[in-house]
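To keep things clear, I will list the structure first and then write my remarks on it.
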Amino acid sequence: MKTAVIDLTHGSGGKAMSDLVASLFLRAFDNPALNKKNDQALLDRPGGRIVMATDSHVVTPLFFPGGDIGSLSVHGTINDVAMAGAWPVALSAGFILEEGFPLDDLERIALSMALAAREAGVPIVTGDTKVVERGKGDGVFITTTGIGVVPEGLDFSGDRCRPGDQVLVSGTIGDHAMALLAVRERIAFDPPLLSDTAALHTLVARMVESVPEIRCLRDPTRGGVGAALNEWAQQSGAGFRIREEAVPVREPVFSACELLGLDPLHLANEGKLLAVCPRERAGELLEAMRSHPLGREAAVIGEVTDDPGQFVEVETTLGGARLLDWIRGDQLPRIC
């Protein structure tokens, strides 16, 4: 590594690229499948059905309170796999690097990814690196793909919601989006507001063990809780009624939303999930969620309604009601 920044030779397929992969990615992501240095990873065939998910990450800034693009790229794809009730098995990682990007920052990102993957127990087994000319990227973009295994008998899907089913959230909403907004706009919180980025598969496993009758799961990232509920409403042909006072929101997030005219229900999250289950199992599921570190602030926030109009309605703290429609435009771009 003769330079302190990425240059075009690092994407050329030659010696510079080989040195970059060996000295940075192989060292950071160290595992038997990756260390074979093939263009693919050979994995043992797992039992059960296979789930596959892919996600591209363009977050800005690259480093933010509570995380960075590296840990986010691992957590985000693990969570997409986990929302099917699957146990994630392996990840791939693709990097688009801009000429001139500092190698120290790339190493920091790679080590963050490695730590997130090891803590989750999900190895990064294969990947790819490309370099674009200066000014034609934005430092680094990362695409991760994950595969996982769903046990027989589980079938989580948004078209399975039924009137009377209960809606639960695993914790406070809006933390990730507001942490990024605070950095971008130099808004000071005391203590600092941190992103909630986290891998949720162990929480899902505990939930499934307790209540396998869960209808569906979703991690409310872009578009937040509002987008997830509207997606489910369309899929299931039903409506939703949410109690605003039941939705957990941290005081700094709520205050900032009031000041800036934002709706917490439309803010992105990277370490929370929504669940729908039969009414009679909601108490048991809530108890299971609260017994896990990532679900201690879980709450029942509403229910599925028999509404052919497929509207998502919010009962406000003032006793009225409002529609929670799809967000128009983007409250905060490039949050993941």
* Asked: Over segment 50-197, what relative contact order in percent results from Cα pairs under 8 Å that are six or more residues apart?
  -> 37
* To do: Using Cα extents along the principal axes in Å as the read-out, say which of [x] 69, 37, 35; [y] 56, 52, 38; [z] 65, 49, 34 was calculated from these coordinates.
  => [z]
* What is the projected area of the convex hull of the Cα atoms of segment 6-75, averaged over all directions, in nm²? -> 6.9
* Asked: Going by average Cβ neighbours within 10 Å, how do the peptides 165-172, 79-86 rank, with the highest at the top?
  -> 79-86, 165-172
* Asked: Under a point-charge model restricted to the Cβ atoms of Lys and Arg (+1) and Asp and Glu (-1), what is the dipole moment magnitude of segment 157-232 relative to its Cα centre, in debye to the nearest 20?
  -> 120
* Asked: Helix-derived [θ] at 222 nm for the chain: sum -39500 (n - 2.57) over DSSP H runs of at least 4, divide by residue count, nearest 500?
  -> -8500 deg cm²/dmol
* Set K136/K272; K15/K136; K15/K37; K15/K36; K36/K130; K37/K136 screened for pairs whose C-alpha atoms are more than 26 Å apart -> K136/K272; K37/K136
* **GNM flexibility winner over the chain from F25, F189, F95 (Cα, springs under 10 Å)** => F189
* Asked: Arranged from highest to lowest average of other beta-carbon atoms within 10 Å per residue, in what order do the peptides 229-236, 151-158 appear?
  -> 229-236, 151-158
* **Whole-number accessible area per residue in Å² for segment 55-182, which is evaluated in the context of all protein chains at 1.4 Å** => 32
* Asked: How big is the charge dipole of segment 85-170 about its Cα centre, in debye rounded to the nearest 20, if each Lys and Arg gets +1 on its Cβ and each Asp and Glu gets -1 on its Cβ?
  -> 120
* Asked: Which residue, chosen from V51, S73, P61, occupies the Cα position most advanced towards the positive end of the dipole of segment 30-141, where the dipole is computed from +1 (Lys, Arg) and -1 (Asp, Glu) charges on Cβ about the Cα centre?
  -> V51
* Asked: By per-residue mean of other Cβ atoms within 10 Å, what is the highest-first order of 269-282, 29-42, 133-146?
  -> 269-282, 133-146, 29-42
* Structure fact -> For segment 212-286 the mean separation of alpha carbon contacts under 8 Å (6+ apart) over residue count, i.e. relative contact order in percent, is 58
* **Size of electric dipole in the chain: Cβ of Lys, Arg +1 and of Asp, Glu -1, about Cα centre, debye, nearest 20** => 680
* Of all accessible surface on segment 1-106 at a 1.4 Å probe, what whole percent is carbon and sulfur? -> 55
* Run through the DSSP bridge list for the chain and note the antiparallel percent, rounded to the nearest 5. => 75
* **Percentage relative contact order, the chain, counting C-alpha pairs under 8 Å, at least six apart** => 22
* Asked: Out of the DSSP beta bridges found with both residues in segment 56-207, what percent are antiparallel (nearest 5)?
  -> 65
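The values are calculated or read from the model by the stated rules, or taken from the named source; none is laboratory data. Only a predicted model underlies this, so the values are computations on that prediction, with no experimental measurement involved. Here the Cβ is made from the backbone with ideal geometry for all residues, glycine too, and neighbour counts use every protein chain on show. The area values use the complete protein model at the heavy-atom level, side chains included, leaving out ligands, DNA and RNA. Shrake-Rupley method; radii C 1.70, N 1.55, O 1.52, S 1.80 Å.
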